[in-house]
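K.L.:
Here it is: the structure, laid out below.
The values are calculated or read from the model by the stated rules, or taken from the named source; none is laboratory data. What you see is a predicted model; the values in this text were computed from it and never measured. Here Cβ is always computed from backbone atoms with ideal geometry, including for glycine, and neighbour counts include all displayed protein chains. The accessibility values were calculated without ligands, DNA or RNA, using every heavy atom of the protein model including side chains. Shrake-Rupley method; radii C 1.70, N 1.55, O 1.52, S 1.80 Å.
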Amino acid sequence: NTISGYIASGTGNIPSWTLYSISLVPEDVVITVIPETSSPIQCQGPAFTYTITVNPAPTITNSPLYQEVCSNQPSTEVILTSKVSGTTFNWTATADPPNLTGWIPSGTSIIPSQTIINPNNVPGTVTFHINPSGTIGGCAPASRDYVIEVGPVPAVNSPLTGEVCSGSIFNYSMSSNVANCSFQWNRASVSGITPPSSSGINPNISETLYNNTSNNLNTVYQITPTSPAPFYC
C-alpha cells in the first residue's frame, strides 16, 4: 500500500486525516459508508462510497521511521530516500527531555550515526523533523518525522554492602533506578566459604553461607540489571 495515515474503520463522521503517499501518481482512499438506524431495530441502508484522492508530493519513503537504542550506544545511520527523483532533504532535531546530549541538531540527506546519552530513568526521544524539497503537480513537499528513542541504562540502587554471620541466611533484594528491570547475579568462589559459588536470575538472593575459617571473609556478588523491553539496556 502506497498510502498511510488513514483509519481502516470507524463510526460516525469521517475524521480529519493527514495522508501520505509514496506513489508518483494519484492514489485513492475509498471509504465505504453504510448508514444505519439507531437501536433497537438498527436497519441498514444502501452502502455508498466516499473517495479521497491523494496526489503525489515529495516525501520521505524510509520505513520504519524510528529506531530504538540504549543510552551511550551508537544509532544506525539513516540515508533518507524518496520515490521522487531529485528530492533533497533538510532536517532539524529536537530532544525530549531537553537534557539528552550527543544528538546532532541539523543536517541534510543523511541522519548520521550518533551516540546519544540519556541521563534520566525513563526513555527519551530525539525527533528529526525532515523537510523534502520540490513539487509535483503543484503539491508541496510533505514533511515527516524520524524518531530515535533512547532507553536509559539501569544501575543498581539497592545497598552494595552488608554483613552476615556464618550459618545465617543472607537475604538481599535488588532494585534499580529504572523501573521493571530484570537481574542476573553471580557469586564467585572464595576459599573458606561454602557453598563455593552461586548464581541466579531472581532479584532476591537468599542463601546460607558458611565461613570455615577463623577470619572475616568477603564474598562479592556481581549484579547486572537489564532494562525492560524494547531496549534491554
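K.L.:
Please tell me the relative contact order of region 6-76 in percent, rounded to the nearest whole number, where contacts are Cα pairs under 8 Å and at least six residues apart. Kindly include the intermediate steps, with their values, before the conclusion.
P.N.:
Details: 71 pairs, mean separation 21.3, N = 71.
Here the relative contact order equals 30 percent.
K.L.:
Hey, if we sort 207, 163 by accessible area with the 1.4 Å probe, largest down, what's the order?
P.N.:
163, 207
K.L.:
So what's region 38-172 giving for Rg/Rh, alpha carbon basis, Kirkwood Rh from the mean inverse pair distance? Don't skip to the end; give the middle numbers.
P.N.:
On the way: Rg = 24.9 Å, Rh = 19.1 Å.
Across region 38-172, the Cα-based Rg/Rh ratio is 1.31.
K.L.:
If you find the alpha carbon centre of region 1-51 and of region 210-229, how far apart are they in angstrom?
P.N.:
62
K.L.:
Using a/c under 1.5 as the rounded threshold, could you call region 49-112 rounded, prolate or oblate? The axes a ≥ b ≥ c are square roots of the C-alpha gyration tensor eigenvalues, and prolate needs a/b larger than b/c, oblate otherwise. Before the final figure, lay out each step's value.
P.N.:
Working: a/c = 2.45, a/b = 1.88, b/c = 1.31.
Prolate, since a/c reaches 1.5 and a/b exceeds b/c.
K.L.:
Using the Kirkwood formula on the Cα atoms of the chain, what hydrodynamic radius do you get, in angstrom to one decimal?
P.N.:
Values: mean 1/r = 0.0434 Å⁻¹.
Answer for the chain: a Kirkwood hydrodynamic radius of 23.1 Å.
K.L.:
Averaged per residue, what accessible surface does the chain expose to a 1.4 Å probe, in Å²?
P.N.:
On the way: 14000 Å² over 233 residues.
Here the residues of the chain average 60 Å² of exposed surface.
K.L.:
Which value, in Å² and to the nearest 10, is the accessible area of residue 220 when all protein chains are kept and the probe is 1.4 Å?
P.N.:
Near enough 100 Å² of accessible area.
K.L.:
Shifting gears a bit: Under the Kirkwood approximation for Rh and a Cα-based Rg, what ratio Rg/Rh is obtained for region 151-229? Display every interim value, and only then the final one.
P.N.:
On the way: Rg = 13.9 Å, Rh = 13.6 Å.
On the Cα set of region 151-229, Rg over Rh gives 1.02.
K.L.:
Another question, then. Residue 171 to residue 114: FRET efficiency via 1/(1 + (r/R0)^6), r the Cβ-Cβ distance, R0 41 Å, to the nearest 0.05?
P.N.:
With R0 = 41 Å, the Cβ-Cβ based efficiency is 0.40.
K.L.:
Using a 1.4 Å probe on the protein heavy atoms, what percent of the accessible area of the chain belongs to carbon and sulfur? Please list the in-between numbers first.
P.N.:
On the way: 7290 of 14000 Å².
Carbon with sulfur: 52 percent of the solvent-accessible area.
K.L.:
Where is the GNM fluctuation largest for the chain (alpha-carbon springs, 10 angstrom cutoff): 115, 37, 76?
P.N.:
37
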